[in-house]
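Let me begin by presenting the structure, written as structure tokens, before commenting on it.
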């Protein structure tokens with residue numbers, strides 16, 4: 001199959017692309033490589049799959065030096081003309097849209113980045129899938145769409161019309177837009193509600209990375225809501241496995257659109273998470289207790305019954321094992337020359 005993966009220089013996009021290449025698929029990666037977080041990490045992910053930074057130019061495909069079936073294009077989802085040209089030239093079978101502007105707190109400071117990337121960019125993806133039909137569109141949603149639910153775990157049937165951040169609102173808008181295009185044009189689409197993904201090559205703006213870095217460097221961790229938070233931390237391999245289970249099974253019916261939770265379904269208290277990092281690293285965490293951040297929620301907890309029933313999804317990596325693997329990657333990666 002020929003697959004477009006947007007956000008291919010990102011955490012999940014890179015990890016999924018690597019697995020797809022291992023399975024023998026032809027993959028075209030797309031990313032605008034913005035500076036929301038360290039671009040050095042994004043280029044390092046690309047290099048891991050044979051895409052050299054020096055060879056990357058705007059809207060010009062780069063052939064991987066390691067994988068004959070992989071090419072990468074630097075392109076912004078909001079570039080309507082560039083996206084149309086890409087779809088017209090490639091003829092994709094499947095599209096996995098993992099691109100877009102991430103981060104809950106950043107959306108409070110930079111709202112327009114989310115409208116441009118997550119709304120207009122996703123509209124471009126949908127329009128391209130409309131005019132250049134694909135067998136299946138998978139797209140990243142988020143656990144943030146559940147907002148401040150008064151019960152757990154979160155099920156796909158729960159209401160998701162009370163977002164507490166603009167980021168969450170844009171992810172909910174993606175689900176509504178995909179549903180509309182599935183109804184109007186028969187585009188098979190599946191939304192993936194990811195729950196707090198972590199692991200090797202992870203995002204440096206997220207708590208697992210920030211906490212690991214701070215603990216190892218002896219820096220103070222800001223612990224929001226005085227530690228009274230829970231997160232359904234989900235290891236990257238379990239996220240990729242769930243995505244792969246869905247990829248070859250497009251939604252059907254009068255409106256071929258559905259959404260699935262992909263999470264570990266075992267929320268961890270923030271203080272227990274920090275204690276596990278201390279155990280893994282052998283270092284003491286220095287903590288500064290602070291109030292709740294705007295846009296945050298108290299608990300995330302995925303009900304994955306639907307994904308288990310339909311495709312046999314079962315996450316296998318515990319928080320202890322996952323953090324141990326992340327620690328080994330982190331210390332190896334940042335010990336390498338040029339990665340300081």
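Overview of values
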{"read-out": "Qualifying position, being touching a strand residue (DSSP E or B) at 6+ places or on another chain (Cβ under 9 Å) and surrounded by fewer than 19 Cβ atoms within 10 Å (Cβ to Cβ), among 234, 316, 304, 300", "value": "316"}
{"read-out": "Among the residues listed as 77, 46, 123, 86, the single one being surrounded by 15 or more Cβ atoms within 10 Å (Cβ to Cβ), assigned to a helix (DSSP H, G or I), touching a strand residue (DSSP E or B) at 6+ places or on another chain (Cβ under 8 Å) and in contact (Cβ under 8 Å) with a residue 40 or more places away in the chain", "value": "86"}
{"read-out": "Any pair with Cβ under 6 angstrom, 6 or more apart, that starts in the stretch 5-29 at a residue that is on the phi > 0 side of the Ramachandran plot and ends at one that is part of a helix (DSSP H, G or I)", "value": "7/13"}
{"read-out": "Residues being exposed (fewer than 15 other Cβ atoms within 10 Å of the Cβ) and touching a helix residue (DSSP H, G or I) at 6+ places or on another chain (Cβ under 7 Å) - total across the stretch 280-290", "value": "3"}
{"read-out": "Complete set of residues in the stretch 89-111 that are assigned to a helix (DSSP H, G or I) and at pLDDT below 95", "value": "104, 105, 106, 107, 108, 109, 111"}
{"read-out": "Scan of the stretch 200-214 for residues that are touching a strand residue (DSSP E or B) at 6+ places or on another chain (Cβ under 7 Å) and farther than 22 Å from residue 34 by Cβ, ordered by number", "value": "211, 214"}
{"read-out": "Flag for residue 156 being in contact with a strand residue (DSSP E or B) (Cβ under 7 Å, 6 or more places away or on another chain), closer than 30 Å to residue 135 by Cβ, at pLDDT 95 or above and not in a helix (DSSP H, G or I)", "value": "yes"}
{"read-out": "Single residue of the stretch 10-43 satisfying the filter (over 29 Å from residue 106 (Cα atoms) and not in a helix (DSSP H, G or I)) that is nearest to the chain's Cα centre (by Cα)", "value": "27"}
{"read-out": "Elements of type helices (runs of 4 or more DSSP H) contained in the stretch 198-310, each with 3 or more residues being under 21 Å from the mean Cα position of the chain (by Cα) and either within 19 Å of residue 325 (Cα to Cα) or modelled with pLDDT of 95 or more (or both)", "value": "207-217, 236-247"}
{"read-out": "Residue within the stretch 270-279 that is under 18 Å from residue 11 (Cα atoms), in contact with a helix residue (DSSP H, G or I) (Cβ under 7 Å, 6 or more places away or on another chain) and in contact (Cβ under 8 Å) with a residue 60 or more places away in the chain present", "value": "no"}
{"read-out": "Residue 117 being modelled with pLDDT under 95, crowded, with 20+ Cβ neighbours inside 10 Å, assigned to a helix (DSSP H, G or I) and out of contact with any strand residue (DSSP E or B) (no Cβ under 9 Å at 6 or more places or on another chain)", "value": "no"}
{"read-out": "Unmet criterion (only one of (1) modelled with pLDDT of 95 or more; (2) under 19 Å from residue 140 (Cα atoms)) for residue 46", "value": "(2)"}
{"read-out": "Tally, over the stretch 136-185, of residues that are farther than 25 Å from residue 267 by Cβ, over 17 Å from the mean Cα position of the chain (by Cα) and touching a residue at least 24 places away in the same chain (Cβ under 8 Å)", "value": "8"}
{"read-out": "Residue among 140, 180 that alone is crowded, with 17+ Cβ neighbours inside 10 Å and closer than 24 Å to residue 243 by Cβ", "value": "140"}
{"read-out": "Pairs where the first residue, in the stretch 320-336, is modelled with pLDDT under 95 and the second is surrounded by fewer than 18 Cβ atoms within 10 Å (Cβ to Cβ) and not in a helix (DSSP H, G or I), C-beta under 9 Å, 6+ apart", "value": "334/340"}
{"read-out": "Leading residue by the ranking (farthest from residue 138 (Cα to Cα)) among those in the stretch 161-189 that are touching a strand residue (DSSP E or B) at 6+ places or on another chain (Cβ under 9 Å) and in a loop (DSSP other than H, G, I, E, B)", "value": "187"}
{"read-out": "Candidate set: the stretch 61-74, residues that are in a strand (DSSP E or B) and touching a residue at least 40 places away in the same chain (Cβ under 8 Å); chosen: the one farthest from residue 17 (Cα to Cα)", "value": "74"}
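The values are calculated or read from the model by the stated rules, or taken from the named source; none is laboratory data. Bear in mind that the values here come from a model prediction, so they are computed numbers and not experimental data. With ideal geometry, Cβ positions are generated from the backbone for all residues, glycine too; neighbour counts draw on all protein chains shown.
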